[in-house]
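Read through the structure below, which is laid out as structure tokens, and then see the notes.
Values quoted throughout were computed directly from the atomic coordinates according to the rules given, and no laboratory measurement underlies them. Computed from a predicted structure; not experimentally measured. Ideal geometry is used to build each Cβ from the backbone, glycine not excepted, and the neighbour counts take in all protein chains shown.
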Amino acid sequence: MKRREFLKTSVAASTLLGLGSAEAVARPGADAAGGKHREHYELRVYHLKSPDNRPLLDSYLSKALLPALNRLGSKPVGVFAQQERAGTTQPSEVTDALAVLVLIPYPNIAAFASTSTRLADDQEFLAAGAEYLQSPKDKPAFTRIDSWLMLAFAGMPKIELPAYCRESKPRMFEMRTYESHSELKALKKVEMFNSGEIQLMRDVGLGPIFYGQALIGSNLPHLTYMLSAEDQAAHSKHWDAFKKSPIWEKLQKDPQYADTVSKINNRFLVPTAYSQI
């Protein structure tokens, strides 16, 4: 193979493995077609050993981390816990009663890369979070943190908040993750969302919050998105409207989008009292 052809092949393979598009490589964080800036998201899941860990974590997040992230330009930051649901659990539903999920938006990839260093130099943050940050080895604040880095979809480049979220009214969320069996199929599913599925979800009232294409983390390739509603009954009603839509029927039957999803996981979530989403 000639050197030039080898380089072209290597670049293409790297792009697919990172689940980025050619436009994203050329202009990181931007939609090449419309020039819209696309946020990056970090999704963190704090795993706790005991409910006794929650007060310390909540204090750290509400008094130290969220204010510091806001000062750095990351806003709104969402913090969620697993929703208690009556009845049997769906087979695909992820359950972790002690998990605390944090969604952090970054205006660009450079902001994500510099945040930990900037937090380490933020004396206000260090003082406010001292008890959590200096927790002893025999009494850790958490057992482990999982984290994923995502790029916002071109069809929804920034977080959107329905009125009930902006006004901190009662609300619930569903976070869904779609895994794919190949990198190309994963990109095709993103395209399907951008080609009408996102707008349909808006139109039927599913209250989408964000859509993220996973770049780094476990269980790649996959995408994650979050929906919202004022309560579970309204959420179910909106889903019914989505499933009955002729737009969805047309998208679902389009052969180019066949076999794009191999596994679906979902979580039903409620916001903490201090969540900004």
Worksheet item: Taking the Cα-to-Cβ direction at Y164 and at S50 and moving 7 Å from each Cα, how far apart do the two end points lie in nm?
Response: 3.6 nm
Item to complete: For region 39-55, take each phi angle, set θ = phi - 60°, evaluate the Karplus expression 6.51 cos²θ - 1.76 cosθ + 1.60, and give the result in whole Hz per residue in order, putting x for glycine and proline.
Response: 5, 10, 10, 10, 10, 10, 10, 8, 9, 10, 7, 8, x, 5, 7, 4, x
Item to complete: Kindly provide the GluC sites (Glu not before Pro) of region 138-226 that DSSP labels as loop, not H, G, I, E or B, and whose Cβ sees at most 10 other Cβ atoms within 10 Å.
Response: E167
Discussion item. Could you list I198, I109 so that the one with the fewest beta carbons within 10 Å of its beta carbon is first and the one with the most is last?
Written reply: I109, I198
Fill in: Column: log10 I(q)/I(0), Debye, Cα scatterers of region 37-271, q = 0.12, 0.13 Å⁻¹
-0.72, -0.84
